[in-house]
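Notes follow once the structure below has been shown.
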Amino acid sequence: MKTTLKTGVLAIMILLLMSGTVMAKGNDIKVKINFFMEWGEIHQNSVEFENKEKPRLEKGRVLIPLRKISDNLGFVVAYNEETKQIDLADSNGKRISLTLSSKNALVNNKAVELDMPAKVINQVTFVPLRFISENFDQAVQWDPATRTAIIDNFTISTPEYLFNLKTLELSKRDESGQGKHTVLGKIPMSVDWVSMRVIKTNNGNDVIVIDNNTGAPHLYHYTYTVYVSENEIIDQSEVDALFPGKAVISPDGEKIVIGDGKTAKVYDDKTKKLQYEYDLHSLFETEKDPNPISHWETAYVVLGFGENYILVKDTFKMLTKMVYLDTKEIINIYELLLSKEEQEEALQDAGPFGSGDRLTFVEEKDGKLIFNKSYYESPYVKTKKFEYNLESTTESLRGNTTGNLNNNGLYAKEGDWIYYSNLADQGKLYKMKADGTEATKITDDTAWYINVVGDEVFYSGDGWKLIKIKTDGSDKTVLDTQAYHINVVGGWVFYTRGTMQDGTIYKMKTDGSNRTQISKDPVSQLVVMDDAIYYSSYYSKLIKINPDGSGKTKLISSGSVTELNVVDDWIYFNYNKLLYKMKTDGTQMSEISSDDAREINVSEGRIFYSDHSEYWKKLYKINVDGSGKEKLSDDKPGDIHVLDNKLYYINLYDNTMKEKPW
């Protein structure tokens, strides 16, 4: 009887154990990962686990083997045996650091606390699934009915931004670590192979480039550029090409370019304001394309933007070219850098399955555009460096120097020609070769504030009208009925209307369009630079504004302020009858000389002026640091102009124009 009882109990126990094993297997935690495949199709993978690797549920948290989650989600893992620290990193630079048996962790170097620490069980390192997945920006769902953790691997991210491939939402990361990200907007696309990178600008803004590599076999790149400041999208664009695009920022870091293949919009990164907009089809004379592709709309990917150029590659033939913005001269870069054989190969190698000229723009450095060209040398693909020397554009982009315009702009130089107001012929507009030959009258107008850009001359003519004329005297156009203090800078004409001493500032494009009043302050002297406007008001204040009229700052609030010159980062001026300078941000104001310097013109580290503190007001020069003062002439000079290594000025004793090497 006892034996029978024992046998029965043993049998029941065996059955219970067997049943328990089956039940345990049925209750195993499953992990599934949803992700995008080619053509935007969503697939689901089930993660397979060995016996000792099976996920565990502890205190409401799923623990999963570190190796499994890193292998399946593509994380890089490093382990320090001595400190027991685990470092994980994804391909976008995000990092998580854990320490075994510790609830303290770091996410991108920011301290956070875990609900459940990482631990070693049966020689397998387990980590909390939700913490790892969500901090690498993958959403996790838990299905209690089937005991399944579902990871939505739909988000690509950087330390600051997230892009959800399913919702197409671009978000700014919540830096508190609570996951309350700010949705900036949607980026419409048909998802395929998508990547994202972020470039931080000098002024703390971001340029986000999202590349959707699609087509068969992934030939096409749909590049989305998004310009973001804080939590706001300033602008965004899409351009489609056979090669990936990139962020375009000017070499000085102050201009951001957004292009859609047809236009290029240039933003001032400090103000986030649109500064210029260029029609790429017009600039690159698309209709004159000698090899048009009828079934492919011509478009251009902007590769680079500088002080006086736009560099592009067309989206189909993939040939690199640029245009000078002042002269509109188109330069086929590939023709200058490649041999004839390589050019022929580039023209034949256009379109799908081709590579065009194989030139990759690297950077602008020391007045040169740097390129790499890839080529095949069995069994390797190698690169070769090429350089293109930019033309000197500092003065060609401007219509005249600030020093010459401070002296009424009677002389200007463009290329080999000098354009001037000929006092020997009632101040009429002339031109001559730099060596003084071939003097030719352009027009009978008296000319002040002469600015020359390319083949166009801008000046204040008879009756102070704002006039534009070709350098050969043709196509004379009156742009406005009144203009003083003309500055032509970066495709815009800045000037004042009213009177010479207290007019207000206007600007218009060089074609006469978009006339806008940008300040109502009375202006006595005006200096316009690429990034700022400086003016004196009633000769008693020095004020700085942005080119759109915003950001008004008083650099000097009282006293006598005249003779403005701006060169590099310095303002040179006469302050209370003394020669001064200060930084363009208003700092480091200091006296250069006690001379009452008038007719100031600053060039190549020297200041040329007439000293009104002496009776005869003779011509002097002095270094910008105040050293090396030297008398150049006993003439009484007026309207001192500097062109290369020569001075041109009016000798007020006889009212004739003098020319003098310095």
Handout entry: Nearest-20 debye value, region 529-662 charge dipole, Cβ charges on Lys, Arg, Asp, Glu
Key = 340 debye
Fill in the blank from the handout: Hits in region 619-662: amide N under 19 Å from the 7 Å Cα→Cβ extension of SER560, namely 619-620, 637-640
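Hey, what's the chain come to in accessible area per residue, 1.4 Å probe, Å²?
Details: 31750 Å² over 662 residues.
Accessible area per residue, the chain: 48 Å².
Per residue, what volume in Å³ does the Cα convex hull of region 86-172 take up? Could you put the intermediate results ahead of the total?
On the way: hull volume 9.8 nm³, N = 87.
Hull volume normalised by residue count: 112 Å³.
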Completion exercise
CD proxy, 222 nm, the chain: helix-only mean residue ellipticity via -39,500 (n - 2.57) per DSSP H run with n ≥ 4, per residue, nearest 500, stands at -3000 deg cm²/dmol
Problem - Rough spin-label spacing in nm, given labels placed 7 Å along Cα→Cβ, for LYS465 and MET500 - result: 2.0 nm
Problem - Carbon + sulfur, % of accessible area of the chain - ligands and nucleic acids excluded, 1.4 Å - result: 48 percent
Practice task
Grab the beta carbon distance between GLU81 and SER176, set R0 = 30 Å, and tell me the FRET efficiency rounded to 0.05.
Solution key: 0.35
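I'd like the FRET efficiency for ASP252 and LYS186, computed as 1/(1 + (r/R0)^6) with the beta carbon distance as r and R0 of 35 Å, rounded to 0.05.
Computed FRET efficiency for ASP252 and LYS186: 0.60.
Pull out the extension gain between ASP634 and LYS552, defined as 0.36 nm times the separation in residues minus the alpha carbon to alpha carbon distance; nm, one decimal.
In short, 25.4 nm is gained.
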Problem - Eligible lysines near LYS618 by straight Cα distance, threshold 18 Å, same-chain separation 8 or greater - result: LYS577, LYS629, LYS631, LYS636, LYS646, LYS658, LYS660
Practice task
May I ask what percent, to the nearest 5, of DSSP beta bridges between residues of the chain are antiparallel?
Solution key: 95 percent
Practice task
Please report, in debye to the nearest 20, how large the charge dipole of region 250-369 is about its Cα centre when each Lys and Arg carries +1 at its beta carbon and each Asp and Glu carries -1 there.
Solution key: 340 debye
Practice task
For an R0 of 22 angstrom, estimate the FRET efficiency from the Cβ-Cβ distance between ASP625 and THR587 and round to the nearest 0.05.
Solution key: 0.85
Practice task
Round to a whole angstrom and tell me the spacing of the C-alpha centers of region 482-512 and region 186-239.
Solution key: 38 Å
Fill in the blank from the handout: Net charge near LYS433 (other residues with Cβ under 15 Å of its Cβ; Lys, Arg +1; Asp, Glu -1) is -3
Exercise for the section: State the three equivalent ellipsoid semi-axes of region 556-647, derived from the C-alpha gyration tensor as the square roots of 5 times its eigenvalues, in descending order and whole Å. Expected result: 20, 15, 11
Fill in the blank from the handout: Pseudo-spin-label distance LEU168 to LYS59, built 7 Å along Cα→Cβ, given in nm, is 4.3 nm
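Going by average Cβ neighbours within 10 Å, how do the peptides 426-436, 372-382, 452-462, 640-650 rank, with the highest at the top?
Going from most to least packed, we get 452-462, 640-650, 426-436, 372-382.
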Handout entry: Highest-first arrangement of 410-422, 531-543, 114-126, 54-66, where packing means the average Cβ count within 10 Å
Key = 410-422, 531-543, 54-66, 114-126
Handout entry: Cα-projected label distance for ASP455 with LYS200, points at 7 Å along beta-carbon direction, nm
Key = 4.8 nm
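The values are calculated or read from the model by the stated rules, or taken from the named source; none is laboratory data. A quick note: this is a predicted structure, and the numbers were derived from the prediction, not measured. So basically every Cβ, Gly included, is an ideal-geometry build from the backbone, and we count neighbours across all protein chains shown. The accessibility values were calculated without ligands, DNA or RNA, using every heavy atom of the protein model including side chains. Shrake-Rupley method; radii C 1.70, N 1.55, O 1.52, S 1.80 Å.
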